[in-house]
Amino acid sequence: MTEAELSDYLKQFFPQENSRCEWKEYKNLKNSLLGNEKDDVISYVSAIANMNGGSLVLGVMDKTLEIVGINPFNYTAQSATLTIREHCTNISTEGLSIDEHITSDTGKRVWIINIPKHMPKLPVYAHRKAWQRIEDSLVELTPERRDAILSEIELPFDWSAGVMEEATLEDLNPEAISKARIEFKKRYPLKANDVDIWDDLTFLNKAHFTIKGRITRTALIILGNEEAAHLLNPAVCQIRWSLKNNQNENIDYEIFNIPMLLAVDQVRAKIRNVKYRYVRNDTLFPEEMLRYDIFTIREPLNNCIAHQDYSKGARIEVVEIDNEKLIFRNYGQFIPDSIESVVNSDCPESIYRNPFLVQAMRNVNMVETEGGGIKKLFEKQRQRMFPMPEYDLTNGMVRVEVIGKVINEAFAQILTKNPSLSLHDIMLLDKVQKHHPICDEEIKWLRKRSLIEGRKPNFYLSATTVEPLDTANLKQQYIQNSSFDDNYFRDLIVKYMTKFKHANREAIEGLLYDKLSSVLKEQQKKDKITNLLSSLKRKGVIYYDKDIRQWGLVKRKK
């Protein structure tokens, strides 16, 4: 690639710095690969691994992404990878690699270090310290993040990576393999020319469908011939599409088998995605659109495939309620904390039941490459002024309901006139239009904005045409009313003591009082602070010195 082509590639796949991506100039790796803590490659590897994994791009200028190139000194990509493994304690050997790019016209060298997420319950260390990235800074791992890592669900066995000893290349579908090649080239345009000359076995190894030429369960699920489905027994890999009327009576159904890469398009073709017309009050002209955005079909369906617990021997279900909504259901516990945490977080969860399957699906564009698919699903519904997706996580299943129409005129008006409302705010309004319960703090916030009427619990969205809200002021008031979560306050206390060593009760109250909810009374605020201090003491983070009557940080052993 020329320098201009490489620059375009970097801007397309690594467009901004965040918790999953860091740009570093590092012109010479002599003292940068292993250098000063907080300012060398291994520190950044630790920080990115301790979040959700990601990429470290070397040889580009911070902020501008201008290519300056690196001098690798005596390192090759392979030896540098080995050095990182040696000096980053607990780093996973799976997924850690370095992609080297040298521009054909200017000879500038850029390294992209691919960093896997930390292994369950194991923070990654560099310079004997665990690091994390907060905004533009590297800091030592906070107690909250350390607790999150140590309490993660451990998945010791990946069913999807199992090798099927009896299976051969003849058990895979040629049409599915051809489609997989096309999608792989879209995902990795720099490898397009290589893909064209790879034989099938080489391609399948590179795309993580096979392991050293051996057929895995993942390969059979995504690319397998229908006749080879028996090799998965007793597991079942099928999708059942059902069409029902509004009285829940069956009208039609069809069952789709492997390969899933082709089945998802077949299911989508069965769904009657007809045009939907919505006439707004402020215009005589209707808005016309497909009832379901293609993404709102693709995302839940592919998520069902990726997260299905195949050992249950159950089908994936897609139910179409006539001209109203779609329901997707798969067996298996939802692994992240909650839907709200996934939608509101800038760092979507990356713990999967079937990690080998998910990686292969990513490589052929079946799931979002950088996470965030669930949040994007909410955004798509918001753009249409449709209700937010509904998740039911009970009974060992994940059930997703996507409504394909406006169900409340007031909800649509609020979204139309207030495009800057956050998803958190819209999810709250969505609860009201669906008559779901809301807490007292949420009620007060909505009443102040005149967005709801009625008495508890029979609230409804205001039927009057709302004016655009001052969302900046609105959010400020909401924060003042609802306060922050306990982790935020505990973090403030720890940061204060890190800087000033000790703190008495009066100093801590002065630090937190203004930030606590304005709804709380004086004694409630005092009790809240007492509980926060007690929880930090129980966790062994702080202690109380009776001699000086102050709180202090517990010293950690290095």
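If His435 satisfies every condition in (1) at pLDDT 85 or above; (2) within 25 Å of Gly372 (Cα to Cα) but one, which is the exception?
Unmet for His435, out of (1) at pLDDT 85 or above; (2) within 25 Å of Gly372 (Cα to Cα): (2).
If you scan segment 377-395, which residues turn out to be farther than 21 Å from Arg272 by Cβ and touching a strand residue (DSSP E or B) at 6+ places or on another chain (Cβ under 7 Å)?
Once the filter is applied, which keeps residues that are farther than 21 Å from Arg272 by Cβ and touching a strand residue (DSSP E or B) at 6+ places or on another chain (Cβ under 7 Å), segment 377-395 yields Tyr391, Asp392.
Out of Arg214, Arg240, I need the residue that is surrounded by 12 or more Cβ atoms within 10 Å (Cβ to Cβ), of a type in the set (Lys, Arg), under 30 Å from Ala192 (Cβ atoms) and within 31 Å of the chain's Cα centre (by Cα). Which one?
Result of the check over Arg214, Arg240: Arg214.
Limited to segment 316-333, what total is found for residues that are among the acidic types (Asp, Glu) and outside any strand (DSSP E or B)?
Of the residues in segment 316-333, 2 are among the acidic types (Asp, Glu) and outside any strand (DSSP E or B).
Output the number of residues of segment 166-211 satisfying the condition of being assigned to a helix (DSSP H, G or I), of a type in the set (Asp, Glu) and over 28 Å from the mean Cα position of the chain (by Cα).
Residues that pass the stated criteria total 6.
Among the candidates Val398, Val358, Val432, Val402, which residue alone is in contact with a strand residue (DSSP E or B) (Cβ under 6 Å, 6 or more places away or on another chain), surrounded by 21 or more Cβ atoms within 10 Å (Cβ to Cβ) and assigned to a helix (DSSP H, G or I)?
That would be Val432, the only listed residue that is in contact with a strand residue (DSSP E or B) (Cβ under 6 Å, 6 or more places away or on another chain), surrounded by 21 or more Cβ atoms within 10 Å (Cβ to Cβ) and assigned to a helix (DSSP H, G or I).
Quick one: in segment 37-64, of everything that is in contact with a Ser or Thr (Cβ under 7 Å, 6 or more places away or on another chain) and assigned to a loop (DSSP other than H, G, I, E, B), which residue is farthest from His127 (Cα to Cα)?
That would be Asn52.
From the list Glu86, Glu94, pick out the single residue that is of a type in the set (Asp, Glu) and either assigned to a strand (DSSP E or B) or within 20 Å of Leu34 (Cα to Cα) (or both). Step through it out loud before you land on a result.
On the way: Glu94 fails: either assigned to a strand (DSSP E or B) or within 20 Å of Leu34 (Cα to Cα) (or both).
That would be Glu86, the only listed residue that is of a type in the set (Asp, Glu) and either assigned to a strand (DSSP E or B) or within 20 Å of Leu34 (Cα to Cα) (or both).
Yes or no: segment 154-162 includes at least one residue that is farther than 20 Å from Arg217 by Cβ and outside any loop (DSSP other than H, G, I, E, B).
Checking segment 154-162: not a single residue is farther than 20 Å from Arg217 by Cβ and outside any loop (DSSP other than H, G, I, E, B).
Please name all residue pairs, on different chains or six or more residues apart, with Cβ atoms under 6 Å, provided the first residue is in segment 410-435 and is farther than 14 Å from Leu446 by Cβ and the second residue is at pLDDT below 85 and in a helix (DSSP H, G or I).
Ser420/Thr471; Leu423/Val343
Scan segment 441-497 for residues that are of a type in the set (A, V, I, L, M), at pLDDT 60 or above and outside any helix (DSSP H, G or I) and jot them down.
Result: Leu451, Ile452, Leu461.
Run down Ile70, Ile42, Ile48 and say which single residue is of a type in the set (A, V, I, L, M), surrounded by 14 or more Cβ atoms within 10 Å (Cβ to Cβ), assigned by TED's automatic domain parsing to the domain that holds Lys117 and farther than 20 Å from Ile134 by Cα.
Ile70
For segment 221-229, does any single residue satisfy the condition of being closer than 21 Å to Lys325 by Cβ and either part of a loop (DSSP other than H, G, I, E, B) or hydroxyl-bearing (Ser, Thr, Tyr) (or both)?
No, every residue in segment 221-229 fails to be closer than 21 Å to Lys325 by Cβ and either part of a loop (DSSP other than H, G, I, E, B) or hydroxyl-bearing (Ser, Thr, Tyr) (or both).
The values are calculated or read from the model by the stated rules, or taken from the named source; none is laboratory data. The model shown is predicted, which means the values in this text are computed figures rather than measured ones. No Cβ is skipped: glycine too gets one built from the backbone with ideal geometry, and neighbour counts run over all protein chains shown.
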